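Student: After the structure tokens below, expect a handful of questions from me.
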Amino acid sequence: MCFGSKEKQLYNDSDEAPRPAPGQFPQQPTYADTGPKASMPPPQQQPPPVYYQQQQQPPPPQEPSPISPQYPSPTYPPYAPTSAPTYQAPPAELSSVPHSNPPVELPTSTTRGEVDYAPPPGPPPSQNNNIPASGLDYAPPPGPPPSASKPQHDWEAAVPDTSLFPPPPAIFTGWYESPTSNAPEAEAEAGEQWCRDYPLAQPMTSDDAALGALKANDIRLMTPAVCFKGTLAWTAPGVWSGNTESTAKDSCIIGYPPLYMVQRHSPLYTGAPHTIYYEVRILPSSPSDEICLALGFTALPYPSFRMPGWHRGSLAIHGDDGHKYINDRWGGKSFTQPFKRGDTVGVGMTFKRAGGYNSGTEIATDVFFTRNGQMSGGWDLHEETDADEDLPVTGLEGYHDISCAIGTFKAVGFEVVFDPSRWAYKLP
């Protein structure tokens, strides 16, 4: 920090030398009187006394200056110009030594400029003498190119065939409403409230009767008592036939026992993948071209007055618009063509350990769809989705029991098949 102005320098190169203060001059010497002043002659002007006499001594030695030290001047002989140097030819014995490059004999008509720039005859020493002079600059080296002996990189073997990859997820194909039929918003809100009142159940402990029915593929279908209008009958072990009326509302038919039971089929317990699957045949006698039927799966419990795939823990493919619904009460996502009379459609799920067989502590789930005995599409349950619009898939990941779910509305005739021997598609 600086307080006030800077102090002024006392002296500098431009200041005058300091002068002595008044009264500091040396005083003249005084002498004592030798008698009365009257008898003394008047004083005569005498030279001032000499207090010391300068002695003749040699001057003190001068210290050498750092710039021009005192050294004795060197002595050189006087300069005398000499005549121009003369050159003599080398001794005669040197001319007998053979030279690697003999002198070039030039024609007598060659001028001085041509002598300085004339190239020596013949090819350069580093070139092959067998190659004509006209091709020295462009002649390739002998033998095949160095790269011909090295194997080329096979990029087709390193890059896999992308046509074998599964199709990208349909992230931006969601519908705000179905282009065919839509339920009232009040029923959608009622379904959401029902799910809040009845949360997902924990995995059940299977009894002998349920295990026996599951082993025999003799699944029982349960129709909702209020909203289902039509008939549903058991026709053979593992086969059901149904018809609905034109005034039938949205309803969900659920099977028991669950096709997937955590305590019996989870790959975390068994170490092996497990697949569940069933088929639905659209009867040719269905009265309408618009097939108002959906097939899928659901965790329990599920609101029976709503179509499968519209609420939590449920997925389905709807036949009227061909969309897939996964916890989606709006318009679903584009997936396949609408169903037709006479079609046999099937839906399945495969549960396996994430990361491969007998590895990992999480379950990976794949969904697939068949039509008339052929694979017709599928998706990974945990595929990349739109976090702002898509809802969770909780209940379908393999940690809850999962039952078949068949949705109907309006008039449709159908047949449900659980017996593998009657399936149009044969599981691998």
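Student: Tally the residues that are of a type outside the set (V, I, T), assigned to a strand (DSSP E or B) and over 15 Å from K215 (Cβ atoms), restricting the search to segment 261-277. Write out each step before concluding.
Tutor: Residues of segment 261-277 of a type outside the set (V, I, T): 261, 263-269, 271-274, 277.
Still in the running and assigned to a strand (DSSP E or B): 274, 277.
Those left that are additionally over 15 Å from K215 (Cβ atoms): 277.
Counting residues in segment 261-277 that are of a type outside the set (V, I, T), assigned to a strand (DSSP E or B) and over 15 Å from K215 (Cβ atoms) gives 1.
Student: May I pose another question? Only one of K229, K215 is among the basic types (K, R), under 30 Å from R281 (Cα atoms) and in contact with an Asp or Glu (Cβ under 6 Å, 6 or more places away or on another chain). Can you tell me which?
Tutor: After applying the criteria, what remains is K229.
Student: Quick one: would you say G255 is within 23 Å of W379 (Cβ to Cβ) and part of a strand (DSSP E or B)? Lay out the reasoning, then the answer.
Tutor: Details: within 23 Å of W379 (Cβ to Cβ): yes; part of a strand (DSSP E or B): yes.
Yes: the conditions hold for G255.
Student: Quick one: would you say A294 is touching a residue at least 12 places away in the same chain (Cβ under 8 Å) and surrounded by fewer than 18 Cβ atoms within 10 Å (Cβ to Cβ)? Even if it seems obvious, please write down each step before you answer.
Tutor: Numbers: touching a residue at least 12 places away in the same chain (Cβ under 8 Å): yes; surrounded by fewer than 18 Cβ atoms within 10 Å (Cβ to Cβ): no.
It is false that A294 is touching a residue at least 12 places away in the same chain (Cβ under 8 Å) and surrounded by fewer than 18 Cβ atoms within 10 Å (Cβ to Cβ).
Student: Where in segment 130-218 are there helices (runs of 4 or more DSSP H), lying fully within it, with 3 or more residues that are modelled with pLDDT under 90 and more than 30 Å from E279 (Cα to Cα)? Give the derivation first.
Tutor: Working: elements: 155-158, 185-197, 208-215.
In segment 130-218, 155-158 are the helices (runs of 4 or more DSSP H) which contain 3 or more residues that are modelled with pLDDT under 90 and more than 30 Å from E279 (Cα to Cα).
Student: Now for a separate question. Quick one: which residue in S241, S266 is in contact (Cβ under 8 Å) with a residue 12 or more places away in the chain and either surrounded by fewer than 18 Cβ atoms within 10 Å (Cβ to Cβ) or at positive phi (or both)? Give the steps one after another, and end with the answer.
Tutor: Numbers: S266 fails: either surrounded by fewer than 18 Cβ atoms within 10 Å (Cβ to Cβ) or at positive phi (or both).
It is S241.
Student: Further question: If a residue has to be among the aliphatic types (A, V, I, L, M) and modelled with pLDDT under 95 to count, how many in segment 327-358 make the cut? Walk me through how you get there before you give the answer.
Tutor: Narrowing segment 327-358 to residues among the aliphatic types (A, V, I, L, M): 345, 347, 349, 354.
From the residues that got through so far, the ones that are modelled with pLDDT under 95 too are 354.
Final tally of qualifying residues: 1.
Student: Separate question: Could you list all residues from segment 377-412 that are surrounded by fewer than 17 Cβ atoms within 10 Å (Cβ to Cβ) and in contact with a Phe, Trp or Tyr (Cβ under 9 Å, 6 or more places away or on another chain)?
Tutor: G377, D386, E389, listed by residue number.
Student: Now for a different question. Could you tell me whether L232 is without any contact (Cβ under 8 Å) to a residue 24 or more places away in the chain and either assigned to a loop (DSSP other than H, G, I, E, B) or within 25 Å of I291 (Cβ to Cβ) (or both)?
Tutor: Numbers: without any contact (Cβ under 8 Å) to a residue 24 or more places away in the chain: yes; either assigned to a loop (DSSP other than H, G, I, E, B) or within 25 Å of I291 (Cβ to Cβ) (or both): yes.
So L232 fits the description; yes.
Student: What number goes with the only condition from (1) farther than 20 Å from D250 by Cα; (2) not in a loop (DSSP other than H, G, I, E, B) that T394 does not pass?
Tutor: (2)
Student: If we scan segment 228-247, do we find a residue that is within 51 Å of the chain's Cα centre (by Cα) and closer than 26 Å to L200 by Cβ?
Tutor: No, that holds for no residue.
Student: May I ask you to verify whether E415 is on the phi < 0 side of the Ramachandran plot, outside any loop (DSSP other than H, G, I, E, B) and surrounded by fewer than 18 Cβ atoms within 10 Å (Cβ to Cβ)? Give the derivation first.
Tutor: Working: on the phi < 0 side of the Ramachandran plot: yes; outside any loop (DSSP other than H, G, I, E, B): yes; surrounded by fewer than 18 Cβ atoms within 10 Å (Cβ to Cβ): yes.
For E415, the condition - on the phi < 0 side of the Ramachandran plot, outside any loop (DSSP other than H, G, I, E, B) and surrounded by fewer than 18 Cβ atoms within 10 Å (Cβ to Cβ) - is met.
The values are calculated or read from the model by the stated rules, or taken from the named source; none is laboratory data. In this text the structure is predicted, and so the values were computed from the model without any measurement. All Cβ positions, glycine included, derive from the backbone under ideal geometry; neighbour counts span all protein chains shown.
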